[in-house]
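This report refers to the structure that appears directly beneath it.
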Amino acid sequence: MFIVINKRSDKLVAVKIVLAGDGAVGKSTISNRLSKTLNTNEKTSLTPGLSINKIIVPKEDVSGIIWDLGGQKQFRFLHNDFIKGAKIVILVYSVEWIHSLKGIKEWLDIIPKDKIPSKIYLIANKVDSAKRVITQKEGENFAKENNITYYEISATNGEGFEQFEDDLIETIKIISNPEKELTKEEVLPSNYCSISSSKSYL
């Protein structure tokens with residue numbers, strides 16, 4: 001989970017961002033890259049646990065604390081409370097494992113229907129892998145079916161990461177501005193997947 005704090009006013013404005021997905025799909029590597037603490041020579045631990053990082057929005061008085069919770073099944077009883085109040089949700093799966101994309105549906109199901117986040121991302125990670133089994137088309141179709149924004153990346157070598165990061169930072173800046181009314185065009189980029197005008201995450 002990211003808690004982004006806006007220091008531009010006397011009253012702190014927090015934007016909660018949840019990073020979720022099954023275990024070993026690369027969430028911690030994404031968190032580390034966003035916070036600029038990534039050591040690409042490090043081996044990602046498969047041990048369930050909690051890591052804390054910090055994210056800085058360039059040229060803005062906005063910083064955040066990143067909480068990355070393990071995605072293993074034994075933590076599922078915590079997930080409902082974990083997602084509550086999130087303004088942005090980043091759902092991650094590995095293109096190497098079919099079950100990790102199927103698991104995204106479970107994460108979508110626990111997002112509160114009465115307080116849907118302003119934006120939800122679907123991140124296909126490990127696209128640099130020679131063991132890829134989930135195609136880009138399959139990921140795009142899943143995103144369209146669920147009205148969420150789709151990106152393909154490699155959190156390890158950075159492929160596709162810059163575009164996703166730029167989108168995320170712009171969304172954080174918009175949401176963290178308490179004086180600005182959000183519009184669909186500002187929160188959602190051109191690659192936002194929408195299949196029904198009556199179904200929106202705004």
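Observations, loosely collected:
- Residue ID - farthest from Val92 (Cα to Cα), chosen from residues in region 151-179 that are touching a residue at least 40 places away in the same chain (Cβ under 8 Å) and of a type in the set (S, T, N, Q): Asn177
- Condition check for Glu165: surrounded by fewer than 20 Cβ atoms within 10 Å (Cβ to Cβ), part of a helix (DSSP H, G or I), among the acidic types (Asp, Glu) and modelled with pLDDT of 80 or more: yes
- Qualifying residues in region 23-48 (those that are in a loop (DSSP other than H, G, I, E, B), in contact with a Ser or Thr (Cβ under 7 Å, 6 or more places away or on another chain) and at pLDDT below 90) - the one surrounded by the most Cβ atoms within 10 Å (Cβ to Cβ): Leu38
- Any hit, region 169-188, residues being assigned to a helix (DSSP H, G or I), modelled with pLDDT of 95 or more, over 15 Å from Val25 (Cα atoms) and out of contact with any Pro (no Cβ under 7 Å at 6 or more places or on another chain): no
- Contact annotation: residue pairs with Cβ atoms under 9 Å, 6 or more positions apart or on different chains, pairing a residue in region 127-150 that is farther than 16 Å from Trp107 by Cβ and modelled with pLDDT of 95 or more with a partner that is aliphatic (A, V, I, L, M) and loosely packed, with under 13 Cβ neighbours inside 10 Å, are Lys144/Ile195.
- Contact annotation: residue pairs with Cβ atoms under 6 Å, 6 or more positions apart or on different chains, pairing a residue in region 90-103 that is modelled with pLDDT of 95 or more and among the hydroxyl-bearing types (Ser, Thr, Tyr) with a partner that is assigned to a helix (DSSP H, G or I) and crowded, with 22+ Cβ neighbours inside 10 Å, are Tyr93/Ser100; Tyr93/Leu101; Tyr93/Ile104; Ser94/Ser100.
- Criterion violated by Gln72 - all others in (1) over 18 Å from the mean Cα position of the chain (by Cα); (2) of a type in the set (S, T, N, Q); (3) at pLDDT below 95 satisfied: (1)
The values are calculated or read from the model by the stated rules, or taken from the named source; none is laboratory data. Model, not experiment: these values are computed from the prediction. Because the Cβ atoms are built from the backbone with ideal geometry, glycine has one as well, and the counts that use them run over all protein chains shown.
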